[in-house]
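The values are calculated or read from the model by the stated rules, or taken from the named source; none is laboratory data. These numbers come from a predicted model, not from an experiment. All Cβ positions, even for glycine, are placed from backbone atoms using ideal geometry, and neighbour counts span all protein chains on display.
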Amino acid sequence: MPTEIPLAMGVHADSGERLAGIDEEALESFSGQSAEMQVSDEVDAKSKSHLGTDDDVEDHTKLDQTGWAIIFGASIGDDVKKQLEPLIEHRRRQVYPRRQVGNDRLFQIFSGADSYQVGEGAEPGEPVVWENEVKHWLAKNGKNIAMNEVDPKKGVPYYVMIVASPDEIPFEFQYWLDLYWAVGRLWFPAADEYGIYARSVVDYETASSVATSRQMAIFAPRNGEDHAMGLFTDNMARPMMAPTETKPPFGSVQNFRLRPFLGDPATTETLEDIWRGKVKDGPPAVVFTGSHGMVFFAGDERQAAQQGAIVCNEWRGKDPPKRSHYYAAEDLPSDARVHGMIPFVFNCFGAGWPRNDTFGRTSKRPAKLAEGPMLARLPQALLSHKGGGALAVLGHVDRAWSYSYRSSKLGPQIEGFRTLMNRLMAGECIGHATDKLNQRWSVLSAGIAEDLQRKDNGLPVDLDALKSKWVARDDARNYIVFGDPAVRLRVADMPVLSE
């Protein structure tokens, strides 16, 4: 298979076939202009070093400068809100550390009419007005906030946590708002899981010490001769550990030790040892997994619990994966020591999935992936583990592509990942650390807009390259933070590991 074809990192449960690439109908549709894809002049990443706050915010780890907000979906009841009270009050005290209000807009709880309403957007450009009603969340109710560099004091603080399922507050709303704001999402099927997560975050941030160690585990199976995982290992996992002509290995400047488990060692047993802290020097503060994700057809009763599960090296790339070949939420042991970890789960459907295929939605027959949009269960289990939950999980919605880390012309392209991971290991808040992913999305969007303008003006445009840019752009867009975007590692409390 030519490496120029974008490879998806997913395996069908019943056949063992890899997830398909972009079909011709969907690719052809990318060459036509769509209003949804338009990019405002306000989103001009070429002239910005970041897409976050204005210059008044000097330290993005200080919530009394950035502020913090929560958006409750319409169906979120008092039982869930009560479970989240410890975290909400903890954040309120951080926003106002001296018990002085200062600016009461720096801490916001959006619910009821102030929350997201069906049909509202957060896209760049002029707010949509429909039947004399503003249908733009940032502008309604007198906020009149533009999609631009964030002034946290204007009414929507920088860190925003959405508490809702994606069928109530869509993924697309999160993607767009996250372009400038630092947005995370929390949703669990049971109310008590919110309480576990809330207490876990507060306990981690207020305890006298932390249990995780100053290291990052890198977990990447090879799956026999599987082309996608071979490409990933050679172009992403191994380059993480090696210096380049200008850069040291990931985490080197932050004094983080890398613990690689690549190829044969990347088994279900090894992954369980990582979650249980049974690797050298104890539980790693950061865990990066790159693998195929398990895929089930719409209506399959296994989908909610197992879609996006991590396919490990027991699967050798042939025949359908057996249940013992992949790691799902139900496999997480009761003695796991994930409290204080930040896992990055890189695979298809690792964070969730929409109802219909993102990469075929502009075609006449977009594939139906599920009965409704959903968040993956493994990140939920990591965040709500009864022994103490992870701080946040970074993952991908829908199919994840080789475009994320490789250019067909330039080879490995991991600098954005290097910046992201190094920011996490430096103790930055995860919502701010992921800014590089948004920058990649906006740069690709700007390039698409320029190509479309050239096409409209009758100038020559490489349509194949345009289609590839479009797939790469949507791939970059679909990363989400699962959890509170204001969480960060207590790096100063982690000793430097000896050789």
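With (1) of a type outside the set (Asp, Glu); (2) in a helix (DSSP H, G or I); (3) modelled with pLDDT of 75 or more; (4) under 23 Å from residue 18 (Cα atoms) as the list, and residue 396 as the residue in question, which single condition is left unmet?
Among (1) of a type outside the set (Asp, Glu); (2) in a helix (DSSP H, G or I); (3) modelled with pLDDT of 75 or more; (4) under 23 Å from residue 18 (Cα atoms), the lone unmet condition for residue 396 is (2).
Per-residue answers, yes or no, for (1) exposed (fewer than 15 other Cβ atoms within 10 Å of the Cβ); (2) at pLDDT 80 or above:
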{"residue": "89", "(1), (2)": "yes, yes"}
{"residue": "113", "(1), (2)": "yes, yes"}
{"residue": "117", "(1), (2)": "yes, yes"}
{"residue": "126", "(1), (2)": "yes, no"}
{"residue": "130", "(1), (2)": "yes, no"}
{"residue": "137", "(1), (2)": "no, yes"}
{"residue": "141", "(1), (2)": "yes, no"}
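Output the residue which, of all residues in region 244-282 that are surrounded by fewer than 20 Cβ atoms within 10 Å (Cβ to Cβ) and small (Gly, Ala, Ser), is nearest to residue 225 (Cα to Cα).
Filtering region 244-282 for residues that are surrounded by fewer than 20 Cβ atoms within 10 Å (Cβ to Cβ) and small (Gly, Ala, Ser), the one nearest to residue 225 (Cα to Cα) comes out as 263.
Hey, could you check region 143-153 for residues that are part of a loop (DSSP other than H, G, I, E, B) and in contact with a helix residue (DSSP H, G or I) (Cβ under 9 Å, 6 or more places away or on another chain) and say which is modelled with the lowest pLDDT?
So the residue we want is 147.
Could you identify the single residue in 319, 226 that is more than 24 Å from residue 342 (Cβ to Cβ), out of contact with any strand residue (DSSP E or B) (no Cβ under 7 Å at 6 or more places or on another chain) and surrounded by 15 or more Cβ atoms within 10 Å (Cβ to Cβ)?
226
What single numbered condition from (1) aliphatic (A, V, I, L, M); (2) closer than 15 Å to residue 497 by Cβ; (3) touching a helix residue (DSSP H, G or I) at 6+ places or on another chain (Cβ under 6 Å); (4) in contact (Cβ under 8 Å) with a residue 60 or more places away in the chain fails to hold for residue 202?
Residue 202 satisfies all of (1) aliphatic (A, V, I, L, M); (2) closer than 15 Å to residue 497 by Cβ; (3) touching a helix residue (DSSP H, G or I) at 6+ places or on another chain (Cβ under 6 Å); (4) in contact (Cβ under 8 Å) with a residue 60 or more places away in the chain except (2).
Can you run down the residue pairs with Cβ atoms below 9 Å, 6 or more apart or on separate chains, where the first is in region 127-149 and more than 19 Å from residue 172 (Cα to Cα) and among the acidic types (Asp, Glu) and the partner is modelled with pLDDT of 75 or more and not in a loop (DSSP other than H, G, I, E, B)?
That search, which allows pairs on different chains as well, returns 133/140.
Within region 262-308, track down each residue that is assigned to a loop (DSSP other than H, G, I, E, B), under 17 Å from residue 341 (Cβ atoms) and among the β-branched types (Val, Ile, Thr).
Within region 262-308, just 279 meets the criteria.
Say whether the condition of being closer than 26 Å to residue 439 by Cβ and not small (Gly, Ala, Ser) is met by at least one residue in region 189-203.
no
Go through (1) more than 24 Å from residue 418 (Cα to Cα); (2) modelled with pLDDT under 95 one by one and return the number of the condition residue 348 breaks.
Status for residue 348: all satisfied but (1).
Just to be sure, is residue 343 assigned to a strand (DSSP E or B), free of Cβ contacts under 8 Å to residues at least 60 places away in the same chain and closer than 25 Å to residue 165 by Cβ?
yes
Within region 61-107, how many residues turn out to be of a type in the set (S, T, N, Q) and either free of Cβ contacts under 8 Å to residues at least 12 places away in the same chain or in contact with a Phe, Trp or Tyr (Cβ under 8 Å, 6 or more places away or on another chain) (or both)?
Number satisfying all stated conditions: 4.
Select from region 239-254 the residues that are under 24 Å from the mean Cα position of the chain (by Cα), without any contact (Cβ under 8 Å) to a residue 60 or more places away in the chain and assigned to a loop (DSSP other than H, G, I, E, B) and list them in ascending order.
249, 252, listed by residue number.
How do the pairs read when you match residues in region 4-21 that are at positive phi with residues anywhere that are modelled with pLDDT of 80 or more, using Cβ under 7 Å and keeping only pairs 6 or more apart or on different chains?
Final answer for the pair search is 16/318; 16/319; 16/320; 16/321.
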